[in-house]
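Working notes for the structure below.
What follows is calculated from the coordinates using simple rules that are stated; it is not laboratory data. The structure presented is a predicted model; accordingly, all values stated were derived computationally and were not measured. When we count neighbours, we look across all protein chains shown, and the Cβ atoms used for this are built from the backbone with ideal geometry, even at glycine.
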Amino acid sequence: MSLAEIDTIVPPPTDGLRHDWSRDEIIALFAQPFNNLLFQAQQTHRRFFDANKVQKSRLLSIKTGGCPEDCKYCPQSSHYHTDLPAEKLMEVQAVLSEAREAKDGGASRFCMGAAWRNPKDRDLDAIIAMVKGVKELGMETCMTLGMLTKAQANRLSEAGLDYYNHNVDTSEEFYEEIITTRTYKDRLDTLEHVRGAGMNVCSGGIVGMGEAREDRASMLMTLANLPEHPESVPINLLVQVDGTPLAGNDELDIFEFIRTIAVARIVLPKSFVRLSAGRENMSDEAQALCFMAGANSIFCGEKLLTTPNPEVDADDALFDRLGLQPYEVCPSE
Ligand code: SAM
Ligand code: DTB
Ligand code: SF4
């Protein structure tokens with residue numbers, strides 16, 4: 001097949017955004033003096049967003065623990081011993097009552113996570129009932145259930161699921177240090193199925209796992225060079241959980257974390273960049289710098305999936321001190 005023919009099969013992106021970043025270019029962004037990097041990120045942020053608005057999502061673990069995958073960061077993997085009891089999939093009504101509470105607490109999106117390698121087809125009826133029920137409450141819906149086939153992605157999309165979260169987690173080069181039970185390509189295939197089914201894509205990763213700056217740059221390159229940028233990009237700072245292989249790792253310098261947020265903002269200018277896991281151990285000042293660097297989404301509520309997150313009152317106080325406003329209902333990106 002000639003190059004011209006390939007060009008007609010995969011049309012170039014038409015969104016006016018760059019999808020051709022090299023790793024060296026992204027490393028150069030990281031390497032700027034901190035003030036210059038933050039200035040560039042803040043300018044980019046203001047081109048597409050209100051710099052004082054932050055989207056709030058609430059997480060719920062609908063199926064906890066006992067996961068067959070070996071992700072070295074994860075307290076829910078059955079390969080490690082973390083004192084986390086494995087539970088069955090929650091009942092639909094119990095999920096809906098948590099969603100009602102999340103809405104009352106100011107969340108515009110409800111994200112449901114399951115400790116699965118992939119959902120089984122027989123689970124999808126209950127999952128779809130959850131999606132429909134949460135949407136009836138007037139909230140956006142997000143699910144993260146592991147790998148999806150094309151057919152599963154289509155079913156979820158038809159049910160009205162707004163977002164699917166599936167992280168690339170790290171760079172392609174570092175990936176095998178962290179997960180051996182599924183490949184990087186598996187992850188990209190799932191993202192393609194989600195996009196092909198017409199859902200919004202939520203995909204990001206974790207930093208602080210012992211990766212190098214080059215890996216952080218490479219991860220952002222993968223995300224920025226997807227045919228369409230994910231609408232939502234969670235940047236998680238590793239939450240170290242005793243019993244997982246990454247517990248006891250050296251902590252990442254917080255300024256390197258803030259740099260990662262800033263670079264994500266620059267290479268993914270129209271995406272919501274989520275200051276995701278790790279806020280519990282961050283100072284207010286560090287979080288303020290993350291917002292300044294272009295983070296405009298957080299998880300709210302005192303629990304992530306299985307680990308603690310700041311109390312709602314603490315977040316409200318921080319938003320007040322910084323003059324930040326939550327999006328009522330998230331603008332459709
Ligand atoms: N099992 C599904 C999967 O892995 O695709 C969905 C749930 S999984 C817990 C969702 C994401 O949470 C992971 O991809 C990872 O990025 C993040 N995560 C899990 N444990 C974490 C930790 N200890 N610190 C930071 N992020 C974590
Ligand atoms: C994402 O990127 N981070 C969230 C969500 N997507 C599902 C999960 C963070 C989990 C942190 C560890 C825990 O609470 O189990
Ligand atoms: Fe399982 Fe997801 Fe945890 Fe990996 S990150 S062990 S797939 S729950």
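If you take all other residues with their beta carbon under 12 Å from the beta carbon of MET147, and give Lys and Arg +1 and Asp and Glu -1, the sum is +2.
Computed over segment 170-210, the convex hull of the alpha-carbon atoms projects to a mean area of 3.1 nm². Between amide H atoms placed 1.01 Å from N, distances below 5 Å from SER171 occur with MET219, all of them 5 or more places distant or on a separate chain. In order along segment 72-79, the phi-based Karplus estimate (6.51 cos²θ - 1.76 cosθ + 1.60, θ = phi - 60°) of 3J(HN,Hα) comes to 5, 8, 9, x, 9, 6, 6, 6 Hz; Gly and Pro are listed as x.
With contacts taken as Cα pairs under 8 Å and at least 6 residues apart, segment 220-284 reaches a relative contact order of 50 percent.
Counting only Cβ charges, +1 for Lys and Arg and -1 for Asp and Glu, the dipole size of the chain around its Cα centre is about 660 debye.
Over segment 211-333, the Kirkwood radius and the radius of gyration, each from Cα atoms, give a ratio Rg/Rh of 0.96.
Ordered from longest to shortest, the equivalent ellipsoid semi-axes for segment 121-255 are 29, 16, 14 Å, each the square root of 5 times a Cα gyration tensor eigenvalue.
Taking a ≥ b ≥ c as the square roots of the eigenvalues of the Cα gyration tensor, segment 10-129 is classed as prolate, since a/c reaches at least 1.5 and a/b is larger than b/c. Within straight-line reach of LYS53, meaning a Cα separation under 15 Å, sit the following aspartates and glutamates at least 8 residues removed in sequence or on another chain: ASP315, ASP316, ASP320, GLU328, GLU333.
Just how many % of Cα pairs in the chain lie over 28 Å apart, if you round to the nearest whole percent? Taking all Cα-Cα pairs of the chain, the fraction more than 28 Å apart is 38 percent. Taking 0.36 nm per residue of separation and subtracting the current Cα-Cα distance, fully stretching the chain between THR14 and GLU91 would add 23.5 nm. Here's the list of aspartates and glutamates a cross-link from LYS72 could span, going by alpha-carbon distance under 19 Å and ignoring same-chain residues fewer than 8 apart: ASP83, ASP169, GLU172, GLU173, GLU176, GLU177, ASP186, GLU211, ASP215, ASP242, ASP250, GLU251. ASP104 label point, 7 Å along Cα→Cβ, cut-off 20 Å on backbone N: hits in segment 54-70? Backbone N within reach: 56-61.
When the alpha carbon coordinates of segment 143-182 are projected onto the principal axes, the ranges are 36, 16, 13 Å, largest first. Name the residue farthest towards the positive end of the dipole of segment 202-333 from the options PHE299, LEU318, PRO234, assuming +1 on Cβ of Lys and Arg, -1 on Cβ of Asp and Glu, about the Cα centre. Checked the options; the winner is PRO234. Counted residue by residue at 0.36 nm each, then reduced by the alpha carbon distance between them, the extension gain from ARG23 to HIS81 reaches 17.2 nm. For GLU173 and GLU280, the difference between the fully extended length at 0.36 nm per residue and the C-alpha to C-alpha distance is 35.6 nm. Taking θ as phi - 60° and the Karplus parameters 6.51, -1.76 and 1.60, the scalar couplings of segment 286-297 work out to 5, 5, 4, 5, 4, 5, 5, 6, x, 5, 9, 7 Hz in sequence order, x denoting glycine and proline.
Taking the helices alone, the chain has a mean residue ellipticity at 222 nm of -11500 deg cm²/dmol, built from -39,500 (n - 2.57) per DSSP H run of at least 4 residues and averaged over all its residues. Shape summary: segment 84-185 maps onto an equivalent ellipsoid whose semi-axes, from the alpha-carbon gyration tensor, are 26, 15, 14 Å in decreasing order.
When peptides 33-44, 66-77, 108-119, 317-328 are ranked by their average number of other Cβ atoms within 10 Å per residue, the highest-first order is 108-119, 66-77, 33-44, 317-328.
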